[in-house]
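One structure is given below, encoded as structure tokens.
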Amino acid sequence: GQNIDQPTEMTATEGAIVQINCTYQTSGFNGLFWYQQHAGEAPTFLSYNVLDGLEEKGRFSSFLSRSKGYSYLLLKELQMKDSASYLCAVRDQDDKIIFGKGTRLHILP
Amino acid sequence: KAGVTQTPRYLIKTRGQQVTLSCSPISGHRSVSWYQQTPGQGLQFLFEYFSETQRNKGNFPGRFSGRQFSNSRSEMNVSTLELGDSALYLCASSLPGQANYGYTFGSGTRLTVV
């Protein structure tokens, strides 16, 4: 079956750095996405990785290792507005995008 | 450019009833996917439509169905509603062929079954 695992909750301090890990086992692999979802809102696209390595976009970076079925999202210089759920998702061989259950990130002042 | 529009935003239905939810994708997007989001299970894939054809289907019972019209608008229907169908239903549109584009989600329809 398809399985995407990420921690349920994490807590970090404003101004710090946090890494949210994601491991996956899916039917094929055609790319990995990270989405941000604030409470009561729709998920919004953060990043996409299809090749191994690090993709940097401002304060957010995403890393992928296809051989290990592993990705992480790195958030730097945390701000209170970064308090949200972060969803890891994989596009499988049928082009479906399968989501993990999300990691709820709490930012403390 | 208008985003993905879902109607209605909120809905309360009684067990046994049926419901139809609507989704209008971003102009030019021909792929529409539907997800059910609950606190315990996260986002679960329901189905995907492209050019009026169902391209993928998740592991939901046959009570859940959908369709797509020639203008790419999509509807999903849930018949014989159960309490466990209470959830946020999200629709997302995308441009097939643009692999890194991912989805743009609508704001969702929150369905409560009582």
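Between B:Gly66 and residues 5 or more places away or on another chain, which pairs have amide H atoms under 5 Å apart, with H built 1.01 Å from N, and which residues are they?
Amide H neighbours of B:Gly66, under 5 Å, 5+ apart: B:Asn77.
Along segment A:18-31, what does the Karplus equation 6.51 cos²θ - 1.76 cosθ + 1.60 (θ = phi - 60°) give for ³J(HN,Hα), rounded to whole Hz, x for Gly and Pro?
Listing the rounded values in order: 9, 10, 10, 8, 8, 10, 9, 9, 10, 7, x, 8, 10, x Hz.
What size of dipole, in debye to the nearest 20, comes out for segment A:32-109 about its Cα centre when the only charges are +1 on Lys and Arg C-beta atoms and -1 on Asp and Glu C-beta atoms? Provide the component values of the computation, followed by the final result.
Numbers: 10 positive and 9 negative charges, 38 e Å.
Using Cβ point charges on Lys, Arg, Asp and Glu, segment A:32-109 gives about 180 debye.
What base-10 log of the normalised intensity I(q)/I(0) is obtained for chain B from the Debye formula, alpha carbons as equal point scatterers, at q = 0.10, 0.13, 0.19 Å⁻¹?
Debye curve over Cα of chain B, log10 I(q)/I(0) at q = 0.10, 0.13, 0.19 Å⁻¹: -0.26, -0.44, -0.94.
Taking each residue of B:42-51 in turn, how many C-beta atoms of other protein chains fall within 10 Å of its C-beta, and what is the average?
On the way: counts 10, 11, 3, 7, 0, 1, 4, 0, 1, 0.
What the average comes to for B:42-51 is 4.
Based on the alpha carbon coordinates of the protein assembly as shown, what radius of gyration and maximum Cα-Cα distance (Dmax) apply, in Å?
For the protein assembly as shown, the Cα radius of gyration and maximum Cα-Cα distance read 17.4, 50 Å.
Please give the Cα centre distance for segment A:60-79 versus segment B:1-37, rounded to the nearest Å.
Centre-to-centre distance over Cα atoms comes out at 31 Å.
Given a Förster radius of 35 Å and the C-beta distance between A:Glu9 and B:Ser27 as r, what FRET efficiency does 1/(1 + (r/R0)^6) yield to the nearest 0.05?
On the way: r = 38 Å, r/R0 = 1.08.
With a Förster radius of 35 Å, E is 0.40.
In peptide A:92-103, how many Cβ atoms from other protein chains are near each Cβ within 10 Å, on average? Before the final figure, lay out the partial values.
Working: counts 2, 0, 4, 9, 8, 10, 4, 7, 2, 8, 4, 0.
Mean partner shielding for this stretch: 5.
Excluding same-chain residues fewer than 8 positions from A:Lys96, which aspartates and glutamates have a Cα within less than 14 Å of its Cα?
Once the sequence-local aspartates and glutamates are set aside, what remains near A:Lys96 is B:Glu48.
So, counting K/R as plus one and D/E as minus one, what does the shell of residues with Cβ under 9 Å around A:Ala84 add up to?
Values: positive: A:Lys81, A:Arg104; negative: A:Glu41, A:Asp82.
In short, 0.
Modelling each spin label as a point 7 Å along the Cα-to-Cβ direction, I'd like the B:Thr112/A:Asn21 distance in nm, to one decimal.
4.0 nm
To the nearest 20 Debye, how big is the dipole of chain B about its Cα centre, given +1 on the beta carbon of each Lys and Arg and -1 on that of each Asp and Glu?
Values: 11 positive and 5 negative charges, 27 e Å.
Dipole about the Cα centre, nearest 20: 120 debye.
Which is farthest toward the positive dipole end of segment B:1-92 among B:His29, B:Thr7, B:Gly40, measuring Cα position about the Cα centre, with Cβ charges +1 (Lys, Arg) and -1 (Asp, Glu)?
B:His29
So if I restrict to the alpha-carbon atoms in segment A:23-109, what is the Rg, and what is Dmax, the biggest pairwise distance, in Å?
Using the Cα atoms of segment A:23-109, the pair Rg, Dmax is 13.0, 43 Å.
Only the coordinates and a few stated rules stand behind these numbers; no lab work does. Predicted model, so just to flag it, every value in this text is computed and none were measured. Here Cβ is always computed from backbone atoms with ideal geometry, including for glycine, and neighbour counts include all displayed protein chains.
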